[in-house]
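Down below is the structure, laid out as structure tokens.
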Amino acid sequence: MLDAILTCPSIQHPTSSILSMPISKEEVTKIATLSNLALTPEETESFSVQLAGIIAYIDQLSELDTANVKAWQQRSAGEAITSYAAREDRIEPSLGTDVALSNAPDPDLGHFGVPKVIT
Amino acid sequence: MTTNLTIDELHQLYASGGAKPSEITAAVLARIEQSTERLNAFITINKDAALKQAEVADANIKDAITTQPLAGIPVAVKDNMCTTGLRTTCGSKILGNFLPPYTATAVAKLEAAGAILVGKTNLDEFAMGSSNENSAFGPVRNPINEDYVPGGSSGGSAVAVAADLSSVSLGSDTGGSIRQPASFCGVVGLKPTYGRVSRYGLVAFASSLDQIGPFGKNVRDVARTLSVIAGRDRYDATSANEPVPNFLNALTGDIQGLRVGVPPECFGEGLDAEVKTAVEAAIKKLEERGAEIVEVALPHSKYVVAVYYLIATAEASSNLARFDGVRYGYRSETAKTLAEMYQHTRDEAFGAEVKRRIMLGTFALSSGYYDAYYEKAQRVRTMLCNDFAEAFQKCDVIATPTAPTPAFKLGEKVNDPLAMYLDDIFTVTINLVGVPAISVPCGASSAGLPIGLQLIGNHFDEARLLNAAYAYEA
């Protein structure tokens, strides 16, 4: 049986040999700003090539007609056979200020210290 | 003192008085220290606490093994699970000095079952990678051949079990991060059903995909460890309210009439010839043991990597927004304003792969691209779920290779992120659909590198899945 199954024509696995134009450095800089990342010029350069290759690969999804398909939603996978945990809404002890601040780079009078916000 | 012991063997040794937990723990810790330079499997060794705990366990170990499933068993935990007061780094500079104020539920359950935590294992930074080369603490090496990667992202946890640095270990699996390193290192690794194991205290990468699971030397050890860590947790709203059987009781080895689905899509072009031969032989062995082999279709297999790398990165870009230098971890010293502090902290302390994924995810969610990428991927995810629902009408478990190739060499794919992503083609679907899957060793390549058989079960059907793996292994 196995041999019969495996002689069926199979879908080709995609390969990474995709030629694509880099996405512009301006676009990479815009995405970096949205991501709160200050990239070096070298990073901007390499990300623009790499992201373009990955996005070109991802673009194969456009071959699929999904007009009548609903977007997946959390819980739909196991919904029919399980229910997920929800605890009673009751106030309970929490970490407390000292423990919550114990990893802070700049704890300051019971608060998280940060550089000036308004300059 | 030997350290090459499964849980059953260790418990027999404890029962007969042949060894005590303190002796086994000391031997394991010595072995970890000796292996550090060669394998780099651990980021933090929990030496003093482990020895102390083991000495306490010595006193009544003969009773404990009858009541505690992991009494006196040395375990290792991936360093993205929080442990109170024990450094938890996620393999990242940004959490290089983080001391968690609480312990992950899965780890607390191991300890309550008598396990001795010997250390925190190395990983790809924030569990992002397939080779364990993305760690800020240096790459992990494959103990079978040190020129090769151990797989990722739970490379350290796979190596811990493969190199006898712990009996069992915990990893996390977002797109194959337990199964692929298990395959590369020749051990058993299970990704349970989404929601089966609490993720409280697991540092989030992609919340609709992440799941904690065990590595072991055999299926029995994995089944036993799953029984310990599984179950609903009031601290994780996504943990499922499903009964947890003792999975050891499911291991009868009887698979007469079990329907094993084989999807031809997973045996085509791009699959290494030796992997194909080994996995086909494994499926034939299941048939010889009484299983019925049936063809199933997974027609959208070609698209899974694209879907995965949109959804996983979109979720990661949101989850990793919390690392901003304010409340914990690294903070840049070069910034003068708050906005600069966020940007410089993240740029200085995240590695290249983490930045790449945050950028890709931000792109997929950004205005003008959301519908074409993120929304599209979620629709195809529904199609994948439908494919699996249909396949499980015809079969009880599905068999595929775990990875398209055996382990590759260190450095081989570092500069080609897409080639690295394509290594996940058989594993990522499982997380997108939420079902459980296990990798069991099924031979080796001519170079001596292990090959893994992936068996996939239906939602919350780990008992049947584990028994199929056990029947294969026996």
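Side notes on the structure shown:
- On the stretch given as segment B:415-431, residues that are out of contact with any helix residue (DSSP H, G or I) (no Cβ under 8 Å at 6 or more places or on another chain) and among the acidic types (Asp, Glu) total 1.
- B:ALA113 passes every criterion in (1) under 28 Å from B:GLU348 (Cβ atoms); (2) in contact with a helix residue (DSSP H, G or I) (Cβ under 7 Å, 6 or more places away or on another chain) apart from (1).
- Count - residues of segment B:98-110 that are within 19 Å of B:VAL56 (Cβ to Cβ), within 14 Å of chain A (Cβ to nearest Cβ) and either of a type outside the set (S, T, N, Q) or touching a helix residue (DSSP H, G or I) at 6+ places or on another chain (Cβ under 6 Å) (or both): 0
- Residues that are among the hydrophobic types (A, V, I, L, M, F, W, C), crowded, with 20+ Cβ neighbours inside 10 Å and more than 27 Å from the chain's Cα centre (by Cα), drawn from segment B:336-363: B:MET341, B:PHE363
- Counted as qualifying within segment B:191-297 are the strands (runs of 3 or more DSSP E) with 3 or more residues that are crowded, with 21+ Cβ neighbours inside 10 Å and away from chain A (no Cβ under 12 Å), namely B:211-216.
- Meets criteria (closer than 26 Å to A:PRO105 by Cα, assigned to a helix (DSSP H, G or I), within 8 Å of chain A (Cβ to nearest Cβ) and modelled with pLDDT of 95 or more) for B:TYR330: no
- Residue match in segment B:7-29 (condition: in contact (Cβ under 8 Å) with a residue 40 or more places away in the chain, under 30 Å from B:PHE126 (Cα atoms) and surrounded by fewer than 20 Cβ atoms within 10 Å (Cβ to Cβ)): no
- Those helices (runs of 4 or more DSSP H) of segment B:364-474 in which at least 1 residues are surrounded by 17 or more Cβ atoms within 10 Å (Cβ to Cβ), at pLDDT 95 or above and among the charged types (D, E, K, R), considering only elements entirely within it, cover B:376-394, B:462-473.
- Looking across segment B:299-327, the residues that are surrounded by fewer than 24 Cβ atoms within 10 Å (Cβ to Cβ) and assigned to a loop (DSSP other than H, G, I, E, B) come down to B:PRO299, B:HIS300, B:ASP324, B:VAL326, B:ARG327.
The values are calculated or read from the model by the stated rules, or taken from the named source; none is laboratory data. These figures come from a predicted structure and were not determined experimentally. Quick reminder, even Gly has a Cβ in these numbers, built from the backbone with ideal geometry, and neighbours come from all protein chains shown.
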